[in-house]
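Participant: Handing you this structure, nothing more for now.
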Amino acid sequence: MTSLSAVERLDIYRWMYRTRRFDEVMVSMFKQGRGLGTCFSARGHEAVSIGAGWGLQPEDFAAPMHRNVGMFMLRGLPPDQLYSNYLGRANGTTRGRDANLHGNGDLSHNLIGFISHIPQSLPVALGTAMSFRYRRQPQAALTVCGDGGSTAGVFHETLNMAVLYMAPLVVVLENNQYAYSTPVAEHTAVSELHLKARAYDMPSQVVDGNDVLEVFEAVSAALARARAGEGPSLVEARTMRMLGHAIHDGAEYVPGELLAHWEARDPVVRFRRWLQDNDGVGPDVLQELERTETDLIDQAFAAAEASPFPDPDTVEAGVYAD
Amino acid sequence: MPTDSRAGNNRRITYLEALAEALDQEMARDPDVLVLGEDIGGEFGGAFKATKGLWQKYGEDRVINTPMAELGFTGMATGMALAGLRPVIEMQFADFISTAFDAIVQYAASTHYIWQGAVPWTIRAPADGGTSSGPFHSQNPEAWFAHVPGLKVICPGTPADVKGLLTSAIRDNNPVIFFESKTLYRSLRGPVPPGEHLVPIGKARQARPGADLTIITYGAMLQSALAAAEELAGEDIEAAVLDLRTVKPLDTDQILESVKATGKALIVHAANRMMGCGAEVAALIAEECFEYLDAPVRRLGGLDTPVPFSPPLEQAYRPDADRIAAAARDLDAW
């Protein structure tokens, strides 16, 4: 059923729960007015971020996006540093230069930052994949793009070149049903988004984006093919954006029955139940894990809130590399 | 063939040959340097043959032919650069660079400021007109990019500077846009050191001394300004010519030093004058050395129209040596 051990599966749950708690605390703090700027909830996206990120090796490149906080943490960015970035503090990844998860790149973790023009990460991730090809290194690059991003011209340019050059690239198409307020059916002419890859002879498949093991198996197989020189792939992970586009957005345009459908498939709750049913993990183990993660996240937010803002004298620092 | 850069100073090659030589020497020197762009692969060697022979010499891994997808392949170069390579992108015509605007202006230019990700690519952009090539093969879009923090913008006007500045651009750890004058590709020859030759980015050069006024220019207009200055010398008007060479970062020290010495400034570029780089230079002079000025700052540039195709229209559009000389005479008499 899965190539993972029971220990690894429990660890996956730990990271999913951490991702969920990070998001819940973030949303709560922003609603209390303790945030800064805006934030984009990852609720419902935990299985995509952790399932896809779990297959990455440290030497691979990853270019996640604004609802992939789990993948940013998996790649090595600690939660207090991420919260500091949300709060514009000097010790955030971007030292106060960009907000929330934007710009959280760190080359020491082979992690590529994104900009608000989300699909622009696609060719950049392709370029990191091309660096592996050029250097004959058996590694892969993974990027995430949304259903909305898949309508941009650069998405198609990237897929075409990735196949043309047989680049070791994996594109995770995170189909969360809405591009801001526009549902998929109103922004894309094909109903199966992954079929866009087939126009370029790129292998593609659909997975249940709320099933972390299914996401992991598909993405890790795609990464393995890429590392073996067998070219790029696309994995469409179907999930649901459970809250609005950003914190200000009540998402009244989303039908209640659609949310209820996905709420019943909550990826964190579902995998918790799976571990109990299949791996025999007891409630005490899960509760202890959840307490530990809750404390870790609470401490991370407190640490970020206590961190200093950047010194305005540094405003011009770093525009250019030496 | 001398390899010492001083010994080769009497060798004269074209602007395009100087460019090709810089590319070849940097590829030979550093295996992380590679080139990519439309029609540069195989025997063909690119629309202007700047990369001819590189594919045979360095192979298809280092000379990457791209589809007609400037946005995609510029973004791809950014990823390569973040991973430590030094891609040199050939934008087939500078006019097509607008297609890659997001990848340049939004992504590559901001990355180091935001998360300290260095993007050491160079875009070679064959720019410039005067050759009846029409609105979309004649543009000088340097001002678009000079407005963007995080980019460096170079506009060389001599074969030696093409080689020296392209070499510096490739070794620079930032995104650099290198606007070549395709008008000068085969029409301009000059002395170029055959060996390693570096010209620092951001340093202007006094191309001609003169006490009566300063003509501040760059790119193809350097040659027109020098021709005008020669003509003016016969009329006892000594015009200094300052070649900016780099428009971002701007060599403010040399601009101010020259204008303080002459008291009069004429700024010339082939790009349209409205909101062009000359406006920034004029503002700098007004702010920093107003009390040294004996006349208003003057600017010459293209008209505020698309670059027209038909020769009489394009001649009406574009500054030339006669117009520079006429403007300099007016300024001298002011």
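The values are calculated or read from the model by the stated rules, or taken from the named source; none is laboratory data. Predicted model, so just to flag it, every value in this text is computed and none were measured. No Cβ is skipped: glycine too gets one built from the backbone with ideal geometry, and neighbour counts run over all protein chains shown.
Participant: Regarding A:Asn110, is this residue in contact (Cβ under 8 Å) with a residue 40 or more places away in the chain, within 11 Å of chain B (Cβ to nearest Cβ), within 18 Å of the chain's Cα centre (by Cα) and over 16 Å from B:Tyr107 (Cβ atoms)?
Facilitator: yes
Participant: Any residue that is within 24 Å of A:Gln205 (Cα to Cα), among the aromatic types (Phe, Trp, Tyr) and more than 12 Å from every other protein chain (Cβ to nearest Cβ) - is there at least one of those in region A:156-166?
Facilitator: Checked region A:156-166: no residue is within 24 Å of A:Gln205 (Cα to Cα), among the aromatic types (Phe, Trp, Tyr) and more than 12 Å from every other protein chain (Cβ to nearest Cβ).
Participant: Name the residue, out of A:Val319, A:Val281, A:Val285, that is within 14 Å of another protein chain (Cβ to nearest Cβ) and either among the β-branched types (Val, Ile, Thr) or part of a helix (DSSP H, G or I) (or both).
Facilitator: None of the other options fit; the residue is A:Val319.
Participant: In the list B:Ile13, B:Ile40, which residue meets the criterion of being buried (at least 16 other Cβ atoms within 10 Å of the Cβ), in a loop (DSSP other than H, G, I, E, B) and either under 20 Å from the mean Cα position of the chain (by Cα) or of a type outside the set (Ser, Thr, Tyr) (or both)?
Facilitator: Unique residue meeting the criteria: B:Ile40.
Participant: With respect to B:Pro120, determine if the residue is without any contact (Cβ under 8 Å) to a residue 60 or more places away in the chain, farther than 21 Å from B:Leu166 by Cβ, part of a loop (DSSP other than H, G, I, E, B) and facing another protein chain (nearest Cβ under 10 Å).
Facilitator: No.
Participant: Right, here's the next one. Which members of region A:189-214 meet the condition of being basic (Lys, Arg) and crowded, with 17+ Cβ neighbours inside 10 Å?
Facilitator: Result: A:Lys196, single match.
Participant: Which of the residues spanning region B:98-151 are among the hydroxyl-bearing types (Ser, Thr, Tyr) and closer than 15 Å to B:Ala270 by Cα?
Facilitator: B:Thr131, B:Ser132, B:Ser133, B:Ser138
Participant: Quick check on region A:154-188: of everything there that is of a type in the set (S, T, N, Q) and assigned to a helix (DSSP H, G or I), which residue is surrounded by the fewest Cβ atoms within 10 Å (Cβ to Cβ)?
Facilitator: Filtering region A:154-188 for residues that are of a type in the set (S, T, N, Q) and assigned to a helix (DSSP H, G or I), the one surrounded by the fewest Cβ atoms within 10 Å (Cβ to Cβ) comes out as A:Asn160.
Participant: On to the next question. Name the residue that is nearest to the chain's Cα centre (by Cα), counting only residues in region B:72-103 that are within 10 Å of chain A (Cβ to nearest Cβ) and part of a loop (DSSP other than H, G, I, E, B).
Facilitator: Across region B:72-103, the extreme among qualifying residues is B:Leu85.
Participant: Could I ask something else about it? Please count how many residues of region A:46-64 are among the aliphatic types (A, V, I, L, M) and in a strand (DSSP E or B).
Facilitator: So the answer is 2.
Participant: Something else: When region A:65-87 is examined, which residues are found to be in a loop (DSSP other than H, G, I, E, B), of a type outside the set (A, V, I, L, M, F, W, C) and touching a Ser or Thr at 6+ places or on another chain (Cβ under 9 Å)?
Facilitator: Passing the criteria: A:His66, A:Arg67, A:Asn68, A:Gly76.
Participant: Kindly indicate the residue of region A:139-153 that is part of a helix (DSSP H, G or I) and away from every other protein chain (no Cβ under 13 Å) and also nearest to A:Thr128 (Cα to Cα) among those meeting that condition.
Facilitator: So the residue we want is A:Ser150.
Participant: Only one of these conditions is not met by B:Ser132: (1) of a type in the set (Ser, Thr, Tyr); (2) surrounded by fewer than 23 Cβ atoms within 10 Å (Cβ to Cβ); (3) not in a loop (DSSP other than H, G, I, E, B). Which number is it?
Facilitator: The failed condition is (3).
Participant: Determine which member of the set B:Glu231, B:Glu235 is over 22 Å from the mean Cα position of the chain (by Cα), of a type in the set (D, E, K, R) and assigned to a helix (DSSP H, G or I).
Facilitator: So the residue among B:Glu231, B:Glu235 that is over 22 Å from the mean Cα position of the chain (by Cα), of a type in the set (D, E, K, R) and assigned to a helix (DSSP H, G or I) is B:Glu231.
Participant: Listed residues A:His102, A:His117; which is within 7 Å of another protein chain (Cβ to nearest Cβ) and either out of contact with any helix residue (DSSP H, G or I) (no Cβ under 6 Å at 6 or more places or on another chain) or closer than 19 Å to B:Ala103 by Cβ (or both)?
Facilitator: On inspection, the qualifying residue turns out to be A:His117.
Participant: If you don't mind, another one. Within region B:146-163, which residues are in a helix (DSSP H, G or I) and within 12 Å of the chain's Cα centre (by Cα)?
Facilitator: B:Ala146, B:Pro159, B:Asp161, B:Val162, B:Lys163
Participant: Can you find a residue in region B:297-318 that is β-branched (Val, Ile, Thr), free of Cβ contacts under 8 Å to residues at least 60 places away in the same chain and assigned to a helix (DSSP H, G or I)?
Facilitator: Scanning region B:297-318, I find no residue that is β-branched (Val, Ile, Thr), free of Cβ contacts under 8 Å to residues at least 60 places away in the same chain and assigned to a helix (DSSP H, G or I), so the answer is no.
Participant: Scan region A:10-28 for residues that are crowded, with 20+ Cβ neighbours inside 10 Å and either over 17 Å from A:Leu296 (Cβ atoms) or of a type outside the set (D, E, K, R) (or both) and report the count.
Facilitator: Qualifying residue count for the region: 8.
Participant: Follow-up. Taking the options A:Asp295, A:Asp284, name whichever one is modelled with pLDDT of 95 or more, farther than 27 Å from A:Phe30 by Cα, loosely packed, with under 13 Cβ neighbours inside 10 Å and not β-branched (Val, Ile, Thr).
Facilitator: When all the criteria are applied, what remains is A:Asp284.
Participant: Sort out which residues of region B:19-71 are basic (Lys, Arg) and within 14 Å of another protein chain (Cβ to nearest Cβ), and write them in order of number.
Facilitator: B:Arg62
Participant: Within region B:104-117, track down each residue that is within 8 Å of chain A (Cβ to nearest Cβ) and not in a loop (DSSP other than H, G, I, E, B).
Facilitator: B:Gln106, B:Tyr107, B:Thr111, B:His112, B:Tyr113, B:Ile114, B:Trp115, listed by residue number.
Participant: Going by the conditions given, is A:Asp106 at pLDDT 95 or above and surrounded by fewer than 22 Cβ atoms within 10 Å (Cβ to Cβ)?
Facilitator: It is true that A:Asp106 is at pLDDT 95 or above and surrounded by fewer than 22 Cβ atoms within 10 Å (Cβ to Cβ).
Participant: Taking into account only those residues within region A:123-133 that are at the interface with chain B (Cβ under 7 Å from one of its Cβ atoms) and hydrophobic (A, V, I, L, M, F, W, C), which is nearest to A:Ala62 (Cα to Cα)?
Facilitator: Once the filter is applied, the top-ranked residue is A:Ala125.
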